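The values are calculated or read from the model by the stated rules, or taken from the named source; none is laboratory data. Computed from a predicted model, the values in this text were never measured in an experiment. Neighbour counts are summed over all protein chains in view; Cβ atoms, including those assigned to glycine, are modelled from backbone coordinates with ideal geometry.
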Amino acid sequence: MGPLGRIGPLAAWELRRLARRGLALRARLLFLYALLVALVGFAAVWFFPVAATDLLTVSIRVTPAESAAFADALALVLLEAQLVAVVALTPALAAAAVSEEKDRHTLPLLLTTLLSDREIVFGKAAGRVAFVLTAVLAGLPVLALALLFGGISVQFLLAGYALTAGTALLCAAVGIGAACGARDLRAAVLRAYARTAVLVCGAFVPPLVLGTPFALLAFVHRDPGAPWALAAGFGYPLAQALVGFALLERAARGLRLRGPTAGPRPTTAFPAPPRQVEPPLLQPDDEVPPDLPPVDGANPVLWKERCVGRTAWAVPALVRAVALGAGALAVVLFGAGVWVAVKRASVALDPGRAGELARRERGTEAGWLLIAAGTFAAGRYLLPLAAGVSGCVAGERFRRTLDPLLGTALDRRAILRAKVQAHAERGTAFGAVGVAAVGMAFTAVGELRLGVAAALLAVAGGALVAAFAAWLSVRCPSDARAFRLALPVAVVAVGWPVGAWNLLLLRSDRVPPDALARGLWIATALALSAALALWALAARALDRGE
């Protein structure tokens, strides 16, 4: 080994390559945008009912104690937003470090060098982690300015950055391990985010999320000077680093496996002629062709996508297991939430049990179940929708079948519409369950107007995901890149009900249901406008052949 041990010389080379591509500036801007959105949103909630546009123009008098409390809460929000950005960026960035070598068929050449497998894996992981942590430091001046308000514990800031470093290391190890066991970038990204959801986000299950770095950061924020807080704040990143090293060791042992390392087959303009094969000794029975409906002459593309357009684009076993689990959880939680809501309604209609209803909280027991059901159902519908729509046109381009399709007499806008419609029709039952669950949850706590606004925003979020994925599919050269860019929008469309629900319960004194309903109506209008604009741009670009 060289002087850098297992890291080797690849770490510096990875940093140079990312800098030459211009990704350093983009990553810093991404973190700064995340911190800016968190800052503006938190200030708007904290100083409610003062409008967010008036915060810079209207003089607001606060006492030193209020200023310290604001700075303390702001530091927590900014560090949480920083953690979210790290978890959203690092797995895909790390998975691309190995998958790009496979896509360019340069990994076999790299394996023939004097570098060991551990030096290759650890070097690439170290380069990606250093790149992410360098981008994270772009938000350090923002937190330094917050120190001027007072009330922020230095121990809490150190623990927050230690948790950020440990989470970045664990996410990078997950991404590298997923890429070493996958053939292409798309499967690697799917594996990386699925494992990140389990190892970092606790599979979004309420009992397990308490062990995530997000929850631990909130616990340390309560009493940052306590010995247990310091031990947890710095011991948890050490545990993450140990798990990350174990994942990297496993990835290094599987780097030279023939199947996962082979990568996609090289494309050639002169395919090999078919070889003559000997007939089998036992002739099987004649296979009965599938009973397909007749071809629709009015819309043959829609018929093709519905009947023969289903392709296995990812890891089948993992995708089926995750889809089955999410669907089962959504159905069970939705049934439990509806049952609790019906029992509450029966108590409300019984005059003799009015006192029992008064002692209960206002629909939170049913609301939590319905919000969880809506989240799982939305994820079961929107994530496959984003994956399918992002590859509907980019996949044809990557397989070099787009030009023959566009050369037909079919209307290009109709082709795009048929492809998106076919993917949107799959799993609509889960989409309906997600919309109904979100609407019922907000109705149980707030009022009917709040529930209607939440349900409409869920519908608008689905439309935005489909339109954004369609636009990316038309503009991106490959389906993997289109899906990677569409995934953050799909995650936001899936998880916004949880944030709005916590905002309604935790900040009910500052954010009344009427104000939240207005915010949801505004978000619905913005999402629908963005969806229509993106759809028009996608149809126009495909029509022009761009």
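Things to note:
- Each residue in region 143-176 was checked for being aliphatic (A, V, I, L, M) and within 19 Å of Val87 (Cβ to Cβ), and 12 of them qualify.
To keep it simple, each residue is scored yes or no on (1) surrounded by fewer than 18 Cβ atoms within 10 Å (Cβ to Cβ); (2) among the β-branched types (Val, Ile, Thr); (3) out of contact with any Lys or Arg (no Cβ under 7 Å at 6 or more places or on another chain); (4) modelled with pLDDT of 90 or more.
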| position | (1), (2), (3), (4) |
| --- | --- |
| Val87 | no, yes, yes, yes |
| Arg104 | yes, no, yes, no |
| Leu109 | yes, no, yes, no |
| Val132 | no, yes, yes, yes |
| Val142 | no, yes, yes, no |
| Leu147 | yes, no, yes, no |
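- Meets criteria (at pLDDT 90 or above and surrounded by fewer than 16 Cβ atoms within 10 Å (Cβ to Cβ)) for Leu505: no
- Boolean, Phe468 is assigned by TED's automatic domain parsing to the domain that holds His423, touching a Ser or Thr at 6+ places or on another chain (Cβ under 6 Å), assigned to a helix (DSSP H, G or I) and among the aromatic types (Phe, Trp, Tyr): no
- A search for C-beta distances below 6 Å between a residue of region 99-123 that is within 14 Å of Pro9 (Cβ to Cβ) and any residue that is at pLDDT 85 or above and of a type in the set (Gly, Ala, Ser), counting only pairs 6+ apart in sequence or on different chains, returns Arg118/Ala252; Val121/Ala251; Val121/Ala252.
- Residue identified as surrounded by fewer than 24 Cβ atoms within 10 Å (Cβ to Cβ), in a helix (DSSP H, G or I) and modelled with pLDDT under 90 among Leu114, Leu76, Leu83: Leu76
- Filtering region 107-121 to residues that are among the β-branched types (Val, Ile, Thr) and either within 19 Å of Leu247 (Cβ to Cβ) or within 29 Å of the chain's Cα centre (by Cα) (or both) leaves Ile120, Val121.
- In region 134-181, the residues that are among the aromatic types (Phe, Trp, Tyr) and in contact with a Phe, Trp or Tyr (Cβ under 8 Å, 6 or more places away or on another chain): Phe149
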